[in-house]
Structure formats: structure tokens, C-alpha cells
Amino acid sequence: MKYKIFVSGVQKELKTERRAVKDSILSDVLLSEYFDVFLFEDSPAKSHSTETAYLEEVRRSEMYIGILGDKYGSAGKDKISPTEAEFREAKANHKDILIYIKGENSVDKNREAGVQKLIKEIKDSKAGYCYRRFNSINELTNLVYESLIAFLKEKGEVGRAVFDQRICDGAVFSDIDDEKVKWFLKVARAKRNFPLALDSSIQNVFTHLKLLKDGKLTNAAVLLFGKEPRKFFDQAKIKCIHLPSTEVEKPFTSYQIYEGNLFEQVDKAVSFVLDILKFPVIQQEHTVQVSRPREIPVFVVQEAIVNAVAHRDYNTTSSVQVMVFLDRVEIWNSGTLPTHLKIEDLKKPHASHPTNPLLATVMFFADYIQQAGSGTLEMLKQCKAHGLPEPDFISVRNLEFKTILARDIYTDETLNRLGLNERQKKAVLYVKEKGKITNKEYRQLNNVSNKTAYFDLSGLVEKNIFVVMGVGKNSTYIMKGNKSNEKVMKK
């Protein structure tokens, strides 16, 4: 049996994208065995109306792929465009629906009204639609490929062999970094009592770790110990972005892509985050010593990044992404939790169900991963001891997994719970970025009178969010608990 796919989208605007989707499916050896693709422009002329014909094709299809751009399309007799009519028909007939939106969410406001309305409906989490964004033809066809492979796996049409256990096609032992294997043996013996001797051969080490299959290198072997894993896996990288505010907006403060083996990727990504997190010198009471607490404990940052690398879905083309915002750190990876493990399970004792068991095992021996199921619990424990909110673990459309680490207690949720108005919340973000704010700066930030600024700032002091330094016109407000700033302001 072949599954029929109906490709939808404004024909004139998205002609190239529509054609690319069909051609990429039919030219792929695997996908072409399981799918037929319907494009209306390829269909022969028919005696009945165009509108009736395309809706009939939607009903005959098992899957609907919708591509959305800037244009809505000409409205038909029901005052909706063919694209929307096709979408409604697919929805009414309970078809598998995949939506691909051209461009980032920052340009959604520039699209025609009908498209904006459709996107708003599709983005509603309660609707449960699977949608992805793309910026190029290559990105679109890769995303379609991933979705169709996932569809075939769900139908049981193709196997579910674990990625890290498969043979890495074309890889040979000369692709392995001998020094990295020696490093691993040294660490694993010291930290985990690994039984093999320091002078063990690579073949013996890999055999013991199950990194060989039929005598050949597995994907795990190359990802962990390869000289150039990107030669075999373009997706094997971590993108790290430092953003100047609480939203994704350009220009970025800094942007790095880390490659190499997985250990090197983790080390570099963790260093990227720690270099950004504030590291104040705070004088401790009744002692000449100083304490240097980071905003987020080192273990919490490392565990989140290691989890993303070890448990991600390497069948997808996306990389791990680490974003450092003004108020939080977000770590994204493709894939989601196993069906028998829920988000709430991560915050209580639970068994480990690694997506990539070989990667997880080797990273455990290298002291990068904690004992089964204990890592997330330790993250919660350390955040609590540090006075931070618990990490948020979020499954995004069952395709991606996101971990959010707050940089301080004053998250958006906390500020809402404390009853702050929008002006006060803007001031909190301003002080997080600038370190302080004056009455004059508050007035300029919010375009309000001196009286309103005074009452708003006094309210922030009363709620123990701000501390006021100085008196009268010289008053300056800083975050409560920022003792290093307090000390400077007193001088």
C-alpha cells in the first residue's frame, strides 16, 4: 500500500516549494516506496469544477501537507482561499496534517490577514497540529523527510533500530582519535573503576563498550571518538547563541557553532554559557573571604547540555541549540521522552530510558552523566539550594525537548504572581541588563510622570524586589540581594 499525500499552498507564490516537496519524496529510494504525491498543477483537466476536484483529492489522501507563505490566495465561493478550504477538508476528515511555515515568527505580522489567522489557529497548542518553520528549499525538504520517516515508524512500516547502535557507513578505524580513547580510559578508570587497562587497544575498548557491530564502527563510536564526526553526521553540532534581551531578536551578542566529538561539544557549550552567566564577587558577612556563586550552578548547566546531546534524536537534521537570554538559559534538542516516561516523572525518582543507550553508557563512564535517573533530581536540588526556580522541562509538539533554566528568582511567572504591572516588569528587566535604574530612567523607559514613577518604584521596594540606595534626586534602585552593587553604591 502507498500513502497518498496532498500538497497544498498558494500555487503562484509557492510554486517552487510545492514542486520541491513532491520531487524530493518521489526521488528518495525509501519514501517513494511508501508515498504518492498529489499536486493539483500536475493533474489532468476534469469536467467538474476545480474546487470540487481538489477537495475530492484531499478526501482520497491519507496525509495533508500545507505550505504557508505571505499570500492568502484568491477567495472562492465560500470566501476562503483554496489553501484554507483544503486545510478545512483535511481537518474534517481527520487526515494526518503537517504544516510548514515559510519564515520566522517575527515576520508573521507582515503576512496577509487570512494567513495570519490560519497561523494563529495552527499554533494553538490545544489544536495539536504539527507545524515547522523553514527558510530555504533544502530546509523544507529535510523537514518533510523527517516527518514522513516518523509517520512510517508510527505505522510500523520501517524499523525502529536505535541510531547509536547502527553501523556508521564508510567509517574506518583511522577515523578514530586515539588520544581521545586514551583520555577516556584514564577518566573512566579513575571515576568509574572501568576495568580495562590504560594500554588496551581501541578494538578491545570498543568491544567492551559495544561500540562495534559485526566488527565495524557504530554511529556511537564515531560521535564519541571520531576525529571529524561532522564528516558523517552534519547534525552533530551544538549552536550556542547569546541574546541581549528576553526575546529572540537580532543582532545576537554572540553566536558559536561547536563541532568535534560529543565530549568536546559539551565542554565548549558549557564554557560558552558559564562565560556569560554573572559571577559577582560578594563579601560574606563576618569574614574577609569572598563567595563567588554563579547565577546557575555549574552542574545544572552541564547536566542540561549533556542530556540534550545524549538523548537527542540523531535521525533529524537539526542540531542541539543553547540560547542564553537575559533572564534564562534554554537548551533545545530534537526528539522527546519515551512513551512510558512523562514530564512530571523527571521531577521524582525514575528509571533511565536513554534514547541512545550506547552514548549514555560511555558518557556515564566518562563522568559526564549521573547514575540512572538521578541527574534531573540533582538539578532540582541544586536550583532550590541556590534560591532559583525549578528547571522547566517541556515537550514541544512531541518533536523537540526544551529545558529552561532561570538565571534568577524573578521569572515572568513570579513577577505576575507578585502583581507587578507592565511598567514595573519592564523596570525589572532593565535592571537585570543595566544593573540599576533611577527615577528619571524609569520615567523615560515608561513615559510616565514623576509621581507614577515614584509610586511604581516604591512598590518594587515594598515587594522586596528592589533596594533603594541614596536619597532624593540621587536615589538609585538595584535588585535586592545584589550585595556587590550595594557595596559599590555605598562608596
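Charged side chains reduced to their Cβ positions (Lys and Arg at +1, Asp and Glu at -1) give the chain a dipole of some 1700 debye around its Cα centre. Once the chain from LYS15 to GLU344 is taken as fully extended at 0.36 nm per residue, the excess over their C-alpha distance is 114.0 nm. Using Cα-Cα distances under 8 Å and only pairs 6 or more residues apart, what relative contact order does the chain have, in percent? Relative CO of the chain lands at 10 percent. Among the listed options (1) 54; (2) 57; (3) 42, the one matching percent of Cα pairs over 32 Å apart as calculated from these coordinates is (1).
With the cut-off at 1.5 for a/c, could you classify segment 3-154 from its C-alpha gyration tensor as rounded, prolate or oblate?
Values: a/c = 1.41, a/b = 1.07, b/c = 1.32.
Since a/c stays below 1.5, the shape of segment 3-154 is classed as rounded.
For the chain, the antiparallel share of DSSP beta bridges with both residues in that region comes to about 60%.
Along segment 90-96 the Karplus relation, 6.51 cos²θ - 1.76 cosθ + 1.60 evaluated at θ = phi - 60°, assigns HN-Hα couplings of 5, 5, 5, 9, 6, 7, 5 Hz to successive residues, with x for each Gly and Pro. What is segment 97-209 by shape, rounded, prolate or oblate, if you read a ≥ b ≥ c off the alpha carbon gyration tensor as root eigenvalues and call it rounded for a/c under 1.5, prolate for a/b larger than b/c, and oblate otherwise? It comes out prolate by the Cα gyration axes.
Peptides 63-72, 176-185, ordered by how many other C-beta atoms sit within 10 Å of their residues on average, highest first, read 63-72, 176-185.
Projecting the Cα atoms of HIS94, ASN105, PHE6 onto the charge dipole of segment 3-154, computed from C-beta unit charges around the Cα centre, puts ASN105 farthest toward the positive end. Straight Cα distances below 20 angstrom link LYS227 to the lysines LYS180, LYS182, LYS186, LYS210, LYS213, LYS216, LYS237, LYS239, LYS268, with same-chain residues fewer than 8 positions distant left out.
Averaging Cα coordinates gives a centre for segment 211-262 and one for segment 375-421; these two points are 25 Å apart.
The lysines within cross-link reach of LYS95, meaning a Cα-to-Cα straight distance under 22 Å and a gap of 8 or more places when in the same chain, are LYS2, LYS4, LYS22, LYS117, LYS120, LYS123, LYS126, LYS153, LYS155.
Summarising the label geometry, the points placed 7 Å from Cα in the beta-carbon direction at ALA75 and ASN474 lie 6.6 nm from one another. Rounded, prolate or oblate: which fits segment 415-490, taking a ≥ b ≥ c as square roots of the Cα gyration tensor eigenvalues, rounded meaning a/c under 1.5, else prolate when a/b beats b/c? Oblate.
Ordering VAL162, SER318, ALA20 by Cα displacement along the dipole of the chain toward the positive end leaves SER318 in first place; charges were set at the Cβ atoms of Lys, Arg (+1) and Asp, Glu (-1). Each peptide among 242-253, 358-369 gets the average number of other Cβ atoms lying within 10 Å of its residues, and from highest to lowest they stand as 358-369, 242-253.
Here the extension length gained between LYS109 and GLU33 equals 23.4 nm, from 0.36 nm per residue of separation less the Cα-Cα distance.
Any read-out appearing in this document is the output of simple, stated calculations on the displayed coordinates, not a laboratory observation. It should be emphasised that the depicted structure is a prediction, and the values quoted were computed from it without experimental measurement. Every residue, glycine among them, receives a Cβ derived from its backbone with ideal geometry; neighbour counts consider all protein chains shown.
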